[in-house]
Amino acid sequence: NYDKVLSSAQFARYKKSESATEPMEIVTLDEAKKAEKNKSKERKTWVYDAKNVRDFAWTSSRKYVWDGMQTVIPENKQKVMAMSFYPKEAYNLYRKYSTKAIVHTIQTYSDFTIPYPYPVAQSVEAANGMEYPMICFNYGRTEKDGTYSEATKNGMLGVIIHEVGHNYFPM
């Protein structure tokens, strides 16, 4: 129910991200910074529907930047929406790499094993790594000045690949 929860501008960006060739911000950094300062009393209700899942997780924060792009699994032409959610403290790292890492993982694992089994794959910046169907939590924040080391970047990429991979090989 994206159209009911997102602003009209955000929903338009979401729709555009479905055909984007690069990750596109759905909730922008500026919107996330503004939302972080303004506690809204408005209630928004997300509606979820999932088939063949063994577990469930979700996250919510007014601080999240949200980007996404769609990929298509060549074998069965299935569309998969790859999305990332992260605060400004992880922006310079997640904006460049997270959603692209999801797409790369789905394409590679689908090529070498079975097609990705779900319509969505999400990466959320968190304190450590953990996977659930269609969503994984991954570490990797920048320094206060927005920079990051190769080790932090490679660690973040490794945990995204690992956790998204658990959708193919649970536990």
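Neighbours of Tyr139 by Cβ distance under 11 Å: Lys/Arg scored +1, Asp/Glu scored -1, total -1. Where does the charge balance sit around Met69 when Lys and Arg score +1, Asp and Glu -1, over other residues with C-beta under 15 Å from its C-beta? Net charge around Met69: +3.
Loop exposure criterion: trypsin sites (Lys or Arg not before Pro), DSSP state outside H, G, I, E and B, at most 12 other Cβ atoms within 10 Å. Applied to the chain, the longest stretch between such sites is 78-143.
Here's how it looks for Gln78: its modeled amide H is under 5 Å from those of Ile73, which are all 5 or more places away or on a different chain.
For Cα extents along the principal axes in Å, the listed values are (1) 50, 35, 35; (2) 45, 39, 30; (3) 52, 32, 31; which was obtained by calculation from the structure presented? Matching the structure shown: (2). Partner lysines whose Cα lies under 24 Å from the Cα of Lys41, excluding those fewer than 8 positions away in the same chain, are identified as Lys4, Lys33, Lys63, Lys88.
Each DSSP beta bridge with both residues in the chain is either parallel or antiparallel, and the antiparallel ones are about 60%.
Would you tally the net charge around Glu22, using a Cβ to Cβ cut-off of less than 10 Å, leaving Glu22 out, and scoring K and R as +1, D and E as -1? Result for the neighbourhood of Glu22: 0.
Taking only the alpha-carbon positions of the range 20-72 and ignoring solvent, what does the Debye formula give for the base-10 log of I(q)/I(0) at q = 0.13, 0.32 Å⁻¹? Ignoring solvent entirely, the Cα scatterers give -0.49, -1.18.
Between the range 50-89 and the range 118-171, what is the separation of their alpha carbon centroids in Å? Cα centres, the range 50-89 to the range 118-171: 12 Å. Accessible surface computed residue by residue for the chain, with neighbouring protein chains in place and a 1.4 Å probe, gives 57 Å² per residue.
Note on the chain: helix-only mean residue ellipticity at 222 nm, from DSSP H runs of 4+ residues weighted -39500 (n - 2.57) and normalised by residue number, equals -11000 deg cm²/dmol. Residues of the chain were split at every exposed loop site, defined as GluC sites (Glu not before Pro) in a DSSP loop with at most 16 other C-beta atoms within 10 angstrom, and the longest piece left, sites excluded, is 76-142.
The values are calculated or read from the model by the stated rules, or taken from the named source; none is laboratory data. No experiment lies behind these values; they were computed from the predicted model shown. Cβ sites come from the backbone with ideal geometry, for glycine too, and all protein chains shown count toward neighbours. The area values use the complete protein model at the heavy-atom level, side chains included, leaving out ligands, DNA and RNA. Shrake-Rupley method; radii C 1.70, N 1.55, O 1.52, S 1.80 Å.
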